[in-house]
Amino acid sequence: MASLSRVTCCCLVALAAAGSPGVSLQPRHERVFAGAREGLTSSARWLQLQLDILQLRVQACGRRIDCLLSASMAPRPADGVLQGWDEASAYATVEQSTSADSSWELKLTSGSVRVWRRSVPGSKVNEVRANGIIDASPKAVVSLLCDGDAHAIRSYNPLYAEGFDVCRIDHRTRLSYASVKAFFPLKPRDTLTRVAIWELPRLGSGATALLLQHAEHPDVPVYSEYVRAKILRGMHLIQPVEGCPGKSNFTLCTQVDAGGIIPSFVMNIITTQDSLQFMDRLEKAAAQRE
Ligand SMILES: *[C@@H]1O[C@H](CO)[C@@H](O)[C@H](O)[C@H]1NC(C)=O
């Protein structure tokens, strides 16, 4: 049921590592914890938060059951504001992310992996792109990235805490909640992200892209235990390598607003470094699936 959730976390490995005493005070949270705030220990508040998340999970399950009962996977009207990508925009997103455009500045090279960065007009956070040849077949890489099991997710994203799908938007797209751990006393991050899986045969047989973008949903408030990070734009592209069925051409492209008070120049540097490690972990974990 959480088959896409972990994907939202992929881009967040660096965030929790960077951490920050983020600032977020949200009205709904204040209501949930009203009264508890003074007398209770922080572990009781943490428990309350877990219960709140559990309640969200139950709501999400209920919604899926509604969908099944109505014999269609049509999203509920309340979810209607959220839309997936259509085929043209999926290809366009991938094309922009993989372009040879001179705005991309090459920042790092390690083995076959290269990492670029570019500034995005109107945004203080850069877009980061990594590309490299991974020693695992496209099938293994896709299967790993689509595995909702927390253990599988942690194999390439060790700071992953938990996640679940809030609702289905269309047959390719879900809204997923995910959280990543942080080290005391820094706040952990969470994300709410539209995640879609697109097979893109024009980019090679078996070519698959995961598209990610931050979204809002009335059922998912911002908890003050977390800083809500926003994946402004995210893409994982898995392409075959001609003549090498056991290898994948993997491209990661991400622009993340980490929230809180991490200076964006620090984030830009960390995300660049982190994408190298991400590729490395992904390769090792996917190779075990062959
Ligand atoms: C890998 O994919 C990128 C982006 O689509 C492309 O530019 C590059 O030529 C590909 N490399 C190989 C070896 O297939």
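The values are calculated or read from the model by the stated rules, or taken from the named source; none is laboratory data. Keep in mind the model is a prediction, meaning the values are calculated, not measured. Methodologically, a virtual Cβ is constructed for each residue, glycine included, from the backbone with ideal geometry; neighbour enumeration extends over all protein chains shown.
Before moving on, here are some points about what is shown:
- With respect to the stated conditions, Phe278 is aromatic (Phe, Trp, Tyr) and over 16 Å from Val120 (Cβ atoms).
- Of the residues making up the range 167-203, those that are under 29 Å from Ile261 (Cα atoms) and more than 12 Å from the chain's Cα centre (by Cα) number 8.
- The set of residues in the range 243-270 being at pLDDT below 95, over 15 Å from the mean Cα position of the chain (by Cα) and either charged (D, E, K, R) or in a loop (DSSP other than H, G, I, E, B) (or both) consists of Gly260, Ile261, Ile262, Pro263.
- Scanning the range 238-280 for residues that are more than 16 Å from the ligand (Cβ to nearest atom), surrounded by fewer than 16 Cβ atoms within 10 Å (Cβ to Cβ) and more than 23 Å from Trp104 (Cβ to Cβ) turns up just one, Ile261.
- Note on the range 173-219: enclosed strands (runs of 3 or more DSSP E) holding 3 or more residues that are touching a Cys at 6+ places or on another chain (Cβ under 8 Å) are 173-180.
- One residue alone among Gly206, Gly111, Gly163, Gly148 is farther than 24 Å from Gly259 by Cα and in contact with a Ser or Thr (Cβ under 8 Å, 6 or more places away or on another chain), and that residue is Gly148.
- Members of the range 91-132 found to be free of Cβ contacts under 8 Å to residues at least 12 places away in the same chain and either under 16 Å from Gly234 (Cα atoms) or in contact with a strand residue (DSSP E or B) (Cβ under 6 Å, 6 or more places away or on another chain) (or both), listed by number: Ala92, Glu95, Gln96, Ser99, Leu106
- Test set (1) free of Cβ contacts under 8 Å to residues at least 12 places away in the same chain; (2) within 13 Å of the ligand (Cβ to nearest atom) - Ala88 fails condition number: (2)
- Just so you know, in the range 176-189 the residues that are surrounded by 24 or more Cβ atoms within 10 Å (Cβ to Cβ) and in contact with a Leu (Cβ under 6 Å, 6 or more places away or on another chain) include one that is farthest from Ser205 (Cα to Cα), and it is Arg189.
- Inter-residue pairs, beta-carbon under 7 Å, first over 14 Å from Ser248 (Cα atoms) and in the range 272-289, second charged (D, E, K, R), 6+ apart: Thr272/Lys107; Thr272/Arg117
- Count - residues of the range 111-128 that are surrounded by 12 or more Cβ atoms within 10 Å (Cβ to Cβ) and within 16 Å of the ligand (Cβ to nearest atom): 8
- Checking each residue in the range 153-172 for being assigned to a loop (DSSP other than H, G, I, E, B) and within 23 Å of Asp280 (Cα to Cα) picks out Asn157, Pro158, Leu159.
- Exactly one residue out of Leu200, Leu232 is in contact with an Asp or Glu (Cβ under 7 Å, 6 or more places away or on another chain) and either among the aliphatic types (A, V, I, L, M) or buried (at least 20 other Cβ atoms within 10 Å of the Cβ) (or both), and it is Leu232.
- Enumeration of residues in the range 85-116 that are among the acidic types (Asp, Glu), part of a loop (DSSP other than H, G, I, E, B) and within 28 Å of Leu175 (Cβ to Cβ): Asp86
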